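The values are calculated or read from the model by the stated rules, or taken from the named source; none is laboratory data. In this text the structure is predicted, and so the values were computed from the model without any measurement. Neighbour counts are summed over all protein chains in view; Cβ atoms, including those assigned to glycine, are modelled from backbone coordinates with ideal geometry.
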Protein chains: 2
Amino acid sequence: MDDRIHTIAHANTIPVASHQRVIDGTDRLLLPGFVNGHTHSSQVWQRGLIPQLPLELWLANVFDSTPRQLEQFYWGAVSTAVDTLLSGGTCVMDHAYVIPNQELETVDALVRGYRAVGIRAVIAPLIQDLPFAAGFPKGCLLPQSASSRSATELIALMEAIAAEFHDPENGIYIGVGPTGFHRCSDDLLAGCGELSDRRDLCYHTHLLETRAQQRLAQERYGISAVQHLHNLGGLTPRTSLAHGIWISEEDIALLASVGSTLIHNPVSNLRLGSGLAPILKAVRAGLNVAIGCDGAASNDAQNMLEAIKLSTILHNVTDSDYEHWLTPEQAVQMAAAGGAKAVNLSDRTGTLTPGMDADLMLYNLDHPTMLPRTNPLQLLVLGRPTDVVEAAWVRGRQLIDQGQLLTVDTAALHHNLRHPTLARQASQAQHHSVEAHYRAMMLPSASNLQ
Amino acid sequence: MDDRIHTIAHANTIPVASHQRVIDGTDRLLLPGFVNGHTHSSQVWQRGLIPQLPLELWLANVFDSTPRQLEQFYWGAVSTAVDTLLSGGTCVMDHAYVIPNQELETVDALVRGYRAVGIRAVIAPLIQDLPFAAGFPKGCLLPQSASSRSATELIALMEAIAAEFHDPENGIYIGVGPTGFHRCSDDLLAGCGELSDRRDLCYHTHLLETRAQQRLAQERYGISAVQHLHNLGGLTPRTSLAHGIWISEEDIALLASVGSTLIHNPVSNLRLGSGLAPILKAVRAGLNVAIGCDGAASNDAQNMLEAIKLSTILHNVTDSDYEHWLTPEQAVQMAAAGGAKAVNLSDRTGTLTPGMDADLMLYNLDHPTMLPRTNPLQLLVLGRPTDVVEAAWVRGRQLIDQGQLLTVDTAALHHNLRHPTLARQASQAQHHSVEAHYRAMMLPSASNLQ
């Protein structure tokens, strides 16, 4: 197969057949491609827009400024793919917002964007059948707006999307993406699990990102949200769970035992003040961990190397025994092999192994941000490398050469990002109407002091 | 004065005299230059070299691989200045390692480096009169190696360095830089305070970076290390204290009342697992806070925008009341005006005010990392901007134009960083001989389990 890795070897030690491409690694570092394990591509248009707020209040602002034009979704996918590629990623898990009543058209726009760039992509449309207010713990007095579609209708919609767009042979995958237990009925969660099983699709969802969600789970289920998802058939080796900041040690043990994946999004978790995820505990318990950027409204960049750096250093403050700290090698393994497992592609990508698909990144060690030549892998992870991807291949196809993208026209991308009818104007940071409810619920003592 | 800001104004609203330079801000963002409030320039040679370890063990590895050639110190200063400038900084506080018995020659090399680039620099040579082992709490059985110089000799040395190199008229300043209370006698600390007062020099020192230092202070003084420094005359408005992770609320109140500055180094604090500094509490108490990169052996980049981003988002997880969270505007103010106060230059730099020295940064808002056009300041801080400094001025002199440095030859810098006799080869991560002592002292239960 021309699109697979044949051999990893020292120079001049193996004969090469004429049809085989040989990559010279002199002054270069070759790594498997990373997986951007959790993002929301259309948020590219909201980069720099939303102030720092807790998730529940931030989300109200995000809804208010969500793109509504298909062209924005196409360019959002292109931008997310390009930024992921130029920071070492060869695959994106897009937990995608889709325009209501234009769901298939939205997914079509995303697929066109990812195919134009040539990156692998899993598109898991965000679906929910409970209203926004349901995501708050009991006691919230927000009006319960009617939801537009039932669980049955949403599963039928996902069947149709998968039938039309799931295309593993061409590196495009459809995933089942319930928003999170907090805005999904048990029927919807169970239906998603059943569809994931039947069609061998990834199951991707938000999990216990905030303290409010943890309280909600206790109130609604009386048991751990993780156990509840498990009871509904949602936890398999195809399942990846974004954030998991508030999972317990018992949750970690359960997730490890079923072979699911935790997606760590350190930049977003800090920007929203969600908390420090128990990553060192998860790794020690054998739970697979991958790394994501999260959407550009909560991490105003899509740079995998930044997310990997922060994943590597952030958790040192949570464990005084430095023998538990992640090494740069472990973090790279999480982003590559851990990410491949998260998107159910462990047999195809994530390691430099003969027979695997050629999803490869070649880094330029002569770049100023990679000097001096000390420990290249450590400097790649702990430095602030920029423009260091010299070449990249996805599924054997070269997408970057000499630092330049070979597929889409990045000038056209940047022109569109500047386009005044597409780019939203900056809005004043506004405290949304849900704020009073949030403060009363989550910050009772602070509210009383006011 | 040609090197000062004359007016900040909207386009075409003011007449301009022929000798005045007008900067056009269309599609540009003009900010005051930041101060890289704490770094160790020679550690550029150790970028990517030292594994993640707690400060006390990391330091043993740093000592083992410290540069010893004057040329390395020159290029270390150049590299630190260039990276600071290209990420928005116009001033560096270099808490500088100096070669024993070549102290004046080392400072001369650093001054030459900073003058070649044209950046403002405060050089505070690291001095101490207690051995390495003194930095551990009681119970450490390490041999007490003899120190090479007495407190009196060190103060005399600093007098000589200040007499030769302190040159405010040309933007080069000498600071008094005792390493930290943990490796300095009371005589040395008091002598530094007296010299700082007498010569109006900055006083810059490490403070309570680790839990081990906090324990040491309690054992040695029986009172807060901050109070002890104050008793020795070390706390004035010219004093800046790096890290301060383990300061108490009482310490914060004392520091605020005397007008000293806390230098926050978030990347280094995570990489060494030192802890989360109480930055939100400090800001709320009115303590001046500035931002530093720390040396490249504990933050393998010298990028002010990275340190500012992390300063802005990291502390959200320490306070559930989001009204206390730092805004991007506050973080920029900390890095600029807060940094100017830290280096005793509030009357000259740190704000866009007519009459202040022209220490200016012009950012290109058309750069792809600054798109789309939402909230430019928020995207500068919360995104991952790269190559966005279009022009920079220090003390009225333009150092960057169209993204290119106008002073030193960056090709020569990179050539030297590649130079095999200057760049150290990567060494295997080694656990130093102090490790057993550290584990027994700081991780007694973990040691017992082994």
Residue selected from the stretch A:429-445 under the condition in a helix (DSSP H, G or I) and modelled with pLDDT of 80 or more, by the criterion nearest to the other protein chains (Cβ to nearest Cβ): A:442
Of the conditions (1) within 15 Å of the chain's Cα centre (by Cα); (2) within 8 Å of chain A (Cβ to nearest Cβ), the single one that residue B:320 does not satisfy is (1)
For the stretch A:21-52 the number of residues that are part of a loop (DSSP other than H, G, I, E, B) and either at the interface with another protein chain (Cβ under 9 Å from one of its Cβ atoms) or not acidic (Asp, Glu) (or both) is 13
Restricted to the stretch A:347-382, and to residues that are without any contact (Cβ under 8 Å) to a residue 24 or more places away in the chain and out of contact with any Leu (no Cβ under 7 Å at 6 or more places or on another chain), which residue is nearest to the other protein chains (Cβ to nearest Cβ)? A:379
Within the bounds of the stretch B:209-216, is there any residue that is surrounded by 19 or more Cβ atoms within 10 Å (Cβ to Cβ) and more than 28 Å from residue B:307 (Cα to Cα)? yes
Going by what's in this entry, would residue B:195 be described as at positive phi and under 22 Å from the mean Cα position of the chain (by Cα)? no
Single residue of the stretch A:383-398 satisfying the filter (buried (at least 20 other Cβ atoms within 10 Å of the Cβ) and within 8 Å of chain B (Cβ to nearest Cβ)) that is nearest to residue A:359 (Cα to Cα): A:386
Cβ pairs under 8 Å, 6+ apart, first in the stretch A:325-336 and more than 14 Å from chain B (Cβ to nearest Cβ), second of a type in the set (Gly, Ala, Ser) and part of a loop (DSSP other than H, G, I, E, B): A:335/A:88; A:336/A:33; A:336/A:350
Pairs please, first residue from the stretch A:7-34 and closer than 30 Å to residue A:344 by Cβ and small (Gly, Ala, Ser), second anywhere and exposed (fewer than 13 other Cβ atoms within 10 Å of the Cβ) and modelled with pLDDT under 70, Cβ atoms under 8 Å, 6+ apart in sequence or on different chains. A:25/A:11
So residue B:253 fits all but one of (1) closer than 29 Å to residue B:347 by Cα; (2) touching a Pro at 6+ places or on another chain (Cβ under 9 Å); what number is the exception? (2)
What is the number of the single condition among (1) surrounded by fewer than 20 Cβ atoms within 10 Å (Cβ to Cβ); (2) not in a helix (DSSP H, G or I) that residue A:242 does not meet? (1)
Here's a check for you: in the stretch B:399-409, which residue that is surrounded by fewer than 17 Cβ atoms within 10 Å (Cβ to Cβ) and more than 14 Å from chain A (Cβ to nearest Cβ) is farthest from residue B:362 (Cα to Cα)? B:406
Qualifying residue in the stretch B:313-336 (condition: aromatic (Phe, Trp, Tyr), at pLDDT 95 or above, buried (at least 18 other Cβ atoms within 10 Å of the Cβ) and in a helix (DSSP H, G or I)): yes
Whichever residue in the stretch A:174-207 is buried (at least 18 other Cβ atoms within 10 Å of the Cβ) and out of contact with any strand residue (DSSP E or B) (no Cβ under 7 Å at 6 or more places or on another chain) and, among such residues, is nearest to the other protein chains (Cβ to nearest Cβ): A:182
Exactly one condition in (1) at negative phi; (2) surrounded by fewer than 20 Cβ atoms within 10 Å (Cβ to Cβ); (3) modelled with pLDDT of 85 or more is not met by residue B:41; state its number. (2)
How about the stretch A:167-189: which of its residues are over 25 Å from residue A:138 (Cα atoms) and part of a strand (DSSP E or B)? A:167, A:172, A:173, A:174, A:176
If residue B:265 satisfies all but one of (1) surrounded by fewer than 24 Cβ atoms within 10 Å (Cβ to Cβ); (2) in contact with a Cys (Cβ under 8 Å, 6 or more places away or on another chain), what's the number of the condition it fails? (1)
Hey, any hits in the stretch A:164-171 for a residue that's out of contact with any helix residue (DSSP H, G or I) (no Cβ under 9 Å at 6 or more places or on another chain) and either at positive phi or free of Cβ contacts under 8 Å to residues at least 60 places away in the same chain (or both)? yes
